[in-house]
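Asker: Attaching a single structure in structure tokens format; questions to follow.
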Amino acid sequence: MPGIEKLAINQVTTRDQWTLREAVEGYARHGVRGISVWRDKLADCGVADAASLLGDHGMTVTGLCRGGMFGGSDGSGWQAAIDDNLKAVEEAAAIGARALVLVAGGLAPGSKDLVGARARVADGIAAILPAARAAGVALAIEPMHPMTCADRGCVTTLGLANDLCDALGEGVGVAVDVYHVWWDPALDEEIARAGRRILAFHVNDWLADTRDRVFDRGMMGDGVVDIPRIRRLVERAGYDGMNEVEIFSAENWWKRDPDEVVAVCVERHETAV
Ligand code: ZN
């Protein structure tokens with residue numbers, strides 16, 4: 001079982017309870033030394049203040065969430081999406097994030113062109129890649145569960161994400177989130193194929209009776225995913241970073257005392273990851 005030094009918490013896990021400052025201080029209070037930061041919370045805090053806050057608490061910043069959303073950005077929205085991602089690259093560099101996490105985006109409004117949406121994801125990443133390389137910011141493509149293909153994540157498998165990495169080259173990798181990939185019959189070989197390009201490993205659980213596509217993720221151990229097996233696969237592939245707990249949970253974990261949530265994350269990281 002992994003030790004607490006391997007535990008990071010994505011701040012979305014306490015999204016409704018804590019600001020960035022409260023999250024950094026709260027996680028540190030429980031001995032957690034890694035955090036993934038969200039851009040809206042970062043903006044509230046201020047990038048410079050956030051950088052000092054994270055440094056003062058010795059936090060490893062496992063990721064900045066999130067960039068991307070190129071799939072649905074066509075026409076007039078395209079340049080805005082590129083500009084926003086370039087800003088995200090600067091923010092990721094400023095807080096020393098290990099990666100800028102990219103969500104692909106879905107279809108453009110009214111569109112049925114899935115092939116075109118996926119092509120835009122490749123074009124969008126290619127457009128920001130020179131700036132990311134210059135800033136030393138790795139880009140982590142996060143494949144998403146197929147149920148969100150229309151509105152969030154048209155890169156629906158780790159295989160598609162690996163294809164993008166092959167096409168785009170240096171500076172692009174993947175974020176493996178058990179929630180999104182656990183069902184995939186090709187998971188073992190695609191994790192091995194990703195190898196050292198695995199930039200982040202996200203843990204949570206799939207609840208067998210899940211009630212929401214996005215906002216009903218389970219705590220590790222409460223669902224059906226064999227998380228230790230997937231962790232061993234990513235470690236065997238060469239990943240030696242942190243295990244990042246990322247739980248969107250509007251009706252459960254976001255309504256609890258955040259100190260309790262973090263305590264449960266620490267305990268389940270030991271027993272169920
Ligand atoms: Zn994730």
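Readers should treat all values here as calculations from the given coordinates under stated rules, not as data from a laboratory. Just so we're clear, the structure is a prediction, and the values are computed from it rather than from any experiment. Here Cβ is always computed from backbone atoms with ideal geometry, including for glycine, and neighbour counts include all displayed protein chains.
Asker: Tally up the residues in region 4-29 that are touching a helix residue (DSSP H, G or I) at 6+ places or on another chain (Cβ under 8 Å) and surrounded by fewer than 17 Cβ atoms within 10 Å (Cβ to Cβ), please.
Answerer: Here the count works out to 6.
Asker: On the basis of being more than 16 Å from the ligand (Cβ to nearest atom) and in contact with a strand residue (DSSP E or B) (Cβ under 7 Å, 6 or more places away or on another chain), does Asp222 make the cut?
Answerer: Yes; evaluated as a whole, the condition is true for this residue.
Asker: Would you tally the residues in region 30-80 being surrounded by 14 or more Cβ atoms within 10 Å (Cβ to Cβ), over 26 Å from Asp240 (Cβ atoms) and of a type outside the set (A, V, I, L, M, F, W, C)?
Answerer: Total meeting the criteria: 7.
Asker: Restricting attention to helices (runs of 4 or more DSSP H) lying wholly within region 156-254, give those where 1 or more residues are surrounded by fewer than 17 Cβ atoms within 10 Å (Cβ to Cβ).
Answerer: 158-168, 187-194, 227-236
Asker: Quick one: is Val172 touching a Lys or Arg at 6+ places or on another chain (Cβ under 8 Å), within 16 Å of the ligand (Cβ to nearest atom), β-branched (Val, Ile, Thr) and touching a residue at least 40 places away in the same chain (Cβ under 8 Å)?
Answerer: In short, no.
Asker: Specify the residue that is nearest to the ligand (Cβ to nearest atom); the eligible residues are those in region 119-155 that are surrounded by fewer than 24 Cβ atoms within 10 Å (Cβ to Cβ) and among the acidic types (Asp, Glu).
Answerer: Result: Asp151.
Asker: Does region 201-260 hold any residues that are closer than 23 Å to Cys65 by Cα and polar (S, T, N, Q), and which are they?
Answerer: Passing the criteria: Asn204, Asn243, Ser249, Asn252.
Asker: Restricting to region 255-273, what's the tally of residues that are more than 26 Å from Asp188 (Cβ to Cβ) and surrounded by fewer than 20 Cβ atoms within 10 Å (Cβ to Cβ)?
Answerer: 10
Asker: For region 186-209, enumerate the residues that are of a type in the set (Lys, Arg) and farther than 26 Å from Phe248 by Cα.
Answerer: The answer is Arg193, Arg196.
Asker: Any residue that is closer than 20 Å to Ser36 by Cβ and within 14 Å of the ligand (Cβ to nearest atom) - is there at least one of those in region 248-261?
Answerer: Checking region 248-261: at least one residue is closer than 20 Å to Ser36 by Cβ and within 14 Å of the ligand (Cβ to nearest atom).
Asker: Could you give me the residue pairs with C-beta distances under 8 Å whose first residue belongs to region 42-67 and is within 16 Å of the ligand (Cβ to nearest atom), whose second residue is part of a helix (DSSP H, G or I) and not aliphatic (A, V, I, L, M) wherever it lies, and which are 6+ apart or on separate chains?
Answerer: Going by the 8 Å Cβ cut-off, the qualifying pairs are Leu64/Arg39; Leu64/Glu91; Cys65/Arg39; Arg66/Arg39; Gly67/Asp84; Gly67/Asn85.
Asker: Could you go through region 71-86 and let me know if any residue there is within 16 Å of the chain's Cα centre (by Cα) and within 23 Å of Cys149 (Cβ to Cβ).
Answerer: Yes, region 71-86 contains at least one residue that is within 16 Å of the chain's Cα centre (by Cα) and within 23 Å of Cys149 (Cβ to Cβ).
Asker: Looking only at region 96-118, which residues are free of Cβ contacts under 8 Å to residues at least 60 places away in the same chain, surrounded by 17 or more Cβ atoms within 10 Å (Cβ to Cβ) and of a type in the set (D, E, K, R)?
Answerer: Listed by number, the list holds a single entry, Arg118.
This table checks each residue for (1) within 13 Å of the ligand (Cβ to nearest atom); (2) closer than 19 Å to Val174 by Cβ.
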position: Val203; (1), (2): yes, yes
position: Asp209; (1), (2): no, no
position: Gly218; (1), (2): no, no
position: Asp226; (1), (2): no, no
position: Arg229; (1), (2): no, yes
position: Leu233; (1), (2): no, yes
position: Tyr239; (1), (2): no, yes
